[in-house]
1. Name the single residue that is farthest from residue A:138 (Cα to Cα) among those in segment A:30-50 being within 13 Å of chain B (Cβ to nearest Cβ) and part of a loop (DSSP other than H, G, I, E, B).
2. I'd like the residue in segment A:262-321 that is closer than 20 Å to residue A:239 by Cα and in contact with a helix residue (DSSP H, G or I) (Cβ under 8 Å, 6 or more places away or on another chain) and, out of all such residues, is surrounded by the fewest Cβ atoms within 10 Å (Cβ to Cβ).
3. Quick check on segment B:133-156: of everything there that is surrounded by fewer than 22 Cβ atoms within 10 Å (Cβ to Cβ) and more than 16 Å from the chain's Cα centre (by Cα), which residue is nearest to the other protein chains (Cβ to nearest Cβ)?
4. Consider segment A:58-82. How many of its residues are part of a loop (DSSP other than H, G, I, E, B), facing another protein chain (nearest Cβ under 8 Å) and out of contact with any strand residue (DSSP E or B) (no Cβ under 8 Å at 6 or more places or on another chain)?
5. On the basis of being assigned to a strand (DSSP E or B), facing another protein chain (nearest Cβ under 10 Å) and in contact with a strand residue (DSSP E or B) (Cβ under 9 Å, 6 or more places away or on another chain), does residue A:55 make the cut?
6. Kindly provide the set of residues from segment A:93-103 that are assigned to a helix (DSSP H, G or I) and either at the interface with chain B (Cβ under 8 Å from one of its Cβ atoms) or without any contact (Cβ under 8 Å) to a residue 40 or more places away in the chain (or both), ordered by number.
7. Does at least one position in segment A:199-209 carry a residue that is modelled with pLDDT of 90 or more, over 17 Å from the mean Cα position of the chain (by Cα) and surrounded by fewer than 21 Cβ atoms within 10 Å (Cβ to Cβ)?
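The values are calculated or read from the model by the stated rules, or taken from the named source; none is laboratory data. Since we're looking at a predicted model, the values are computed, not measured. Note: ideal-geometry Cβ built from the backbone for every residue, glycine included; neighbour counts use all protein chains shown.
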C-alpha cells in the first residue's frame, strides 16, 4: 500500500537516513521513536508537506514523491490537532468539502454522518476553544475522515489526551482500522504500540532499526535502545560461556546468570523485564534457575504499582502491585531474594 | 496589586514623569485654546479641505499599499530566502531616515526627471504637488508599521494550521484567505491603523513633495510661520481631536473584526 524507499531528508540538526518501510493495505503500523527522532517529519514527508532530499514514496504502486499534497488522499491528524480556531466544529469538518463541487445539502449530510460516527454531532455549532482534549481529538479525526483518505497518519494521537480518554480513542482507532483503513501512527509510548499495532517499527538515529509484530519486537529487541522502548530497565553487561550443557552469563558484579542455550558471541547485554522477576522476603526453596540475595535500596510508586530497587551486586528494578508489596512486608534496607527463570533473560550479543 | 515598597514608588514616579511629559504640552495647548477660536477653525473652509485631504489621502495610501504589503508580511513570516534580513532592513529603513531626506528621495523619484514621474507624465499626470505624490510620501514613511505588524500577526498563526488545511485539500491561496488572513486579521488591522495614523501626521516628507494642496500638518506649519503660535494652535487642537477620533474608531472596528472572525460564517 505504502512504500518508503531509501528516504533521506536533512532536518535541522538530524537526518532521516535510508528509511525503508512497507505498510500493507489495512495494516495498523506504529512507528516508535523518541521526541525529536524525526517521526513527525516522516509523516509530513508521506503527507506531502515536505519533499525528501532523495528516495521515493509509493502509494498503491504509484510514485507520489512529487505529487501535490491535495492529490495524495492522505489524512494527517496533528499532535495538537491543528483545529481551526476561527471556525465552528461544523466549519472545521466541512473545510475539505468546500474545495470540491459538493452542494450545501450533501456537505451537511456528510458532515452529520461523520460527526455521528465520532460522537460529536452535538458539538457541530460550537466553537473549538471550549472543547476538551478528547473532543478536539474527535473533531480532528472527523475532519480528516470526511475526506475519505486511503491512508490515515496519526502524529502522537494520545499525547494531549487525558489518561481516562485514551481507551476511548484507542477503541475508535481500532474500529477505523477494522473497517479497512490503513493507519500509520507515530508515538514515543510502546504501550500504544502493544495495544494497537499489527506491526511496529522503531525509529532511532533517523533509521528504522527494528520492525515486526509488537510482541516479537518487544520480546526480542535487537539493541538496548529498542529494549528501553519495551520498558526494560534491567541491563547487565555480561560475558557468555558454557559449563557443560548449561549456558552462563558472567556479570562484572560477580553475578552469574543461568540463561537459555544459544550461540552467542563472547560478550553482550543481558536484559530482564521487571515483571518477570519475583521478589521474596525469605530465602526461597531451591530449584530456581536464578536466585540472588540483595538489599532493598528504594521503593517508589510506578505506573504498575510500586517499583522496588534491589542491590544484589548490581541494581535490579522490580515492578510489583501495591498489594503484593504489602503482603511481602518489605521496606528500604530489608534483605530480600530475587528469582527469575532462565527464559526471562533476553540476550543481546555484541557490545551494542 | 501594586505593593507600596520603595522600588515600586520609584517606578511610579518615573512613569508618571514620562506620562506627564507627553500629556502636559497637549493639555497646555487645549487649555490655551478657547471654544470660540475652535469653532471658528471648524468653520474655516481651508481647514476643512485640508483635513479631508489628509484623511482620505492617508487612507487611500494605506489601503492601496496594503494590497502588496500584507502578502509581503506573510512571506517574511513564513518563508526563508536569501537576503531575508536585508529585505527586513530595507523595510525598516524609512523609520530611521530623516523624513525630509525621505521627501527628497521621493521627490527625485516622482519629479518629471524621475522614473515614476516620467511614467506618470506620459499619462498626463503630475505627481508633485498632487494628492498622489502626497500618498506616496505618506506611504514611504509609514509602510513599516503595517508590514511589521502584519508579519508578527502571521508569525503568530501556528504553521500547523496552514499545513492541516493543505492536507485537507485546500490550495495555497485558499489556505491564505481562510486560515492565515482571518487569524492574523487583528494584527493586520492594527498595522493598518498605525500606518494610517502615521501617514496622516507626516509633515517632513510631504512638505517637500507637495506644499500645496496642503495637508493638515503643512497647514498648521504654514499658519505658525505666517501668523504665529496663537493662530496655529486651534488648527493643531482640532487636528489632534480628529486624529484621536479616527484612531479610536479604527481600533474599535479592529476589535469588532476579531469577533466577526469567530462567527459561524467565517469559513463559508
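1. A:50
2. Per the stated criteria, the residue is A:289.
3. The selected residue is B:156.
4. Step one: filter segment A:58-82 for residues part of a loop (DSSP other than H, G, I, E, B), giving A:60-61, A:64-68, A:72-73, A:78-82.
Next, from what is left, pick out any that are facing another protein chain (nearest Cβ under 8 Å): A:78, A:80, A:82.
In the following step, the residues that additionally are out of contact with any strand residue (DSSP E or B) (no Cβ under 8 Å at 6 or more places or on another chain) were identified as A:80, A:82.
Final tally of qualifying residues: 2.
5. Numbers: assigned to a strand (DSSP E or B): yes; facing another protein chain (nearest Cβ under 10 Å): no; in contact with a strand residue (DSSP E or B) (Cβ under 9 Å, 6 or more places away or on another chain): yes.
Judged against the criteria, residue A:55 is not a match.
6. Passing the criteria: A:94, A:95, A:96, A:98, A:99.
7. The answer is no; no qualifying residue exists.
Conditions (1) without any contact (Cβ under 8 Å) to a residue 12 or more places away in the chain; (2) over 24 Å from the mean Cα position of the chain (by Cα); (3) in a loop (DSSP other than H, G, I, E, B), marked per residue:
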| site | (1), (2), (3) |
| --- | --- |
| A:271 | no, no, no |
| A:284 | no, yes, yes |
| A:291 | no, yes, no |
| A:294 | no, yes, no |
| A:300 | yes, yes, no |
| A:308 | no, yes, no |
